[in-house]
Each structure stands twice: as C-alpha cells, then as structure tokens.
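The structure appears right after this line, and notes come after that.
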Amino acid sequence: MIYFKTNEEIELQRLSNLLVSKTLAYVASLLKTGETGKSIDKKAEEFIRDHGGIPGFKGYRGFPATLCMSVNEGVVHGIPSNHVFDSKDMISVDCGVLMNGFYGDAAYSFAFSEAGEDVIKLMRVTRESLYEGIKAAVVGNRVGDISFAIQHYCEKLHGYSIVRELVGHGVGRSLHEEPEVPNFGVRGKGPMLKEGMVLAIEPMVNMGMKAVRQKNDGWTIVTKDGKPSAHFEHSVAIRKNGPDILSDHSIIEESIKNNPEIRII
Ligand code: MG
Ligand code: MG
C-alpha cells in the first residue's frame, strides 16, 4: 500500500533529507585522489550520528556500510572499498538517513579532475533527466509520466540506456515503500500521483548498453559492458502546488566548488 504523509510528516522527512544532503556535501569535501571509499564511509557514519541520525543503509538487508559508493562502471549498491581514488574516476554516492522515524534518501555522482568529457556529459544528462522526472511529479499525473520523462530524455534525446532492473520508490517510515518508480515507462500508466506521496526519483543511466550484473560481493551492480553509469537521486513530495524536493543538491555543489579535485558539472 501507498502511505500518504501529512504536512508535519513531510517536514520531518525534509530534515532527514537535509542531513543526507549535508552528509553528501561532507563526502564531496573528502573525495581526494589517494583516498579510499572505506575511510570516507567511516567519516560519513560519524557525521550522521553526530547530527542525530542513523545511517539508513547500514544493516539494511545486511548491507555493510553507510554509503553506497559505485565507481565508474558501478551503477548502484557499491560497497565502499579499499580502491584508491584516481584522478580519472567517477563515483556515484548514495546516502540514506533515518531520523525522527523517517528516511531521507538522495544520491549524487562526482567526477575527479581528469574524468573524460564523455563521462561528464553522461553525468549532466542523468542529472537533467532527474529534473525532467520531477517536473512530471504533479498531482493528477501517474508514475508512468515520471518514468517516461526520464527515459525519453536519456534514451531518445541522448542515446544513453536506462537500467531496467533497479527503480525509484516511495520513501517514508520505510526506506522502500510503494509505489515503484521506474526510470522507463509509458505516459498515463501506473499509480495516480496524489498529495502526500513522497517518492525517491533516481535515474541510473548507462553510457553503453542497459544490461547490468551483480558482482560476487552480493551487492555491487555494474554495467555488463564495463562502460560508465551515473546516478542522481532526490526525495520529492507530491504537493498541491507542485513537486517539493526534500533533499538539496545545491549544498553538495557548494562543497564541490571548494574541492579542486572534483569537477563542477
Ligand atoms: Mg538512494
Ligand atoms: Mg533510493
């Protein structure tokens, strides 16, 4: 079933998402060549706990870390590892926080200074597609309108591939609630969007083919063809006056401006 949130509950969810966004901004300041995901993950966990939250992913179905860090051909669900970051890397970081009984969920992809122009373009298009999806997240539309907007932008207009196996979702007292929010679909189909729904909208976009596989760590999803994949995510409340984005990428982007090793995209 779909849980509809009151205005008060949406404000609590905004606080959870603000802590997610602050954590991702903190991560943006820590991303340096020579660093590892594992050490950043530890600091992110301390940051969340110091600010009164609980890491939302750690222990979720046995996931071992606070952040999902997916490098280059990594799509999502990467386990922070001892991989030493290289100046050509692109890292997608997904973060969840539980606070006041509600989850926040957002993601951002980061490019180191020597990442290829083709990777930068993939990241830009993925981020833009997120906002195309959000524009369609209005009362009276259906989930398929969000799905179609994202797919059309990435596949039809830019020739990239949308991952089919993983989708966005409702988010609230549980990390994953109904409805599913695929990044591909048909306009006018799927559940009706109503006031009080909160959706995690999260395009996962591949430069090459859409096929993905899971690594034998049981978590990390990578592209089958080994080409890069980007991921951006916002938690968005459906409201009378239009989509209300509860997470905040602008503070992450402010933090990137102060880290010369990470490109502004
Ligand atoms: Mg997420
Ligand atoms: Mg999510």
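Would you please name the residue that is farthest from PHE110 (Cα to Cα), looking only at residues in segment 238-265 that are open to solvent by 40 Å² or more (accessible area, probe 1.4 Å), under 16 Å from the mean Cα position of the chain (by Cα) and not polar (S, T, N, Q)? Explain how you work it out, then say what you get.
So in segment 238-265, the residues open to solvent by 40 Å² or more (accessible area, probe 1.4 Å) come out as 239-241, 243, 245, 248, 250-251, 253-254, 257-258, 260-261, 263-264.
Narrowing further to those that are under 16 Å from the mean Cα position of the chain (by Cα): 245, 248, 250-251, 253.
In the following step, the residues that additionally are not polar (S, T, N, Q) were identified as 245, 248, 251, 253.
Details: ILE245: 20, ASP248: 15, ILE251: 14, GLU253: 10 Å.
My answer is ILE245.
The set of residues from segment 35-47 being assigned to a helix (DSSP H, G or I) and charged (D, E, K, R) comprises LYS38, ASP41, LYS42, LYS43, GLU45, GLU46. If you go through segment 120-146 and pick out every residue that is within 16 Å of ligand 2 (Cβ to nearest atom) and open to solvent by 30 Å² or more (accessible area, probe 1.4 Å), you end up with 1. Scanning segment 97-119 for residues that are within 16 Å of ligand 2 (Cβ to nearest atom) and not aliphatic (A, V, I, L, M) returns PHE102, TYR103, GLY104, ASP105, TYR108, SER109. Please find, within segment 155-172, the residue that is least open to solvent (accessible area, probe 1.4 Å) out of those that are out of contact with any Lys or Arg (no Cβ under 7 Å at 6 or more places or on another chain) and away from ligand 1 (no atom under 16 Å from the Cβ). The qualifying residue least open to solvent (accessible area, probe 1.4 Å) is TYR160. Residue check: is LYS215 among the basic types (Lys, Arg) and either crowded, with 18+ Cβ neighbours inside 10 Å or on the phi > 0 side of the Ramachandran plot (or both)? Here the answer is no, as LYS215 does not meet what is asked.
The values are calculated or read from the model by the stated rules, or taken from the named source; none is laboratory data. All values reported here derive from a predicted model rather than from experimental measurement. Glycine gets a Cβ as well: all are built from the backbone with ideal geometry, and neighbour counts include every protein chain shown. Only protein heavy atoms, including side chains, enter the accessible area calculation; ligands, DNA and RNA are left aside. Shrake-Rupley method; radii C 1.70, N 1.55, O 1.52, S 1.80 Å.
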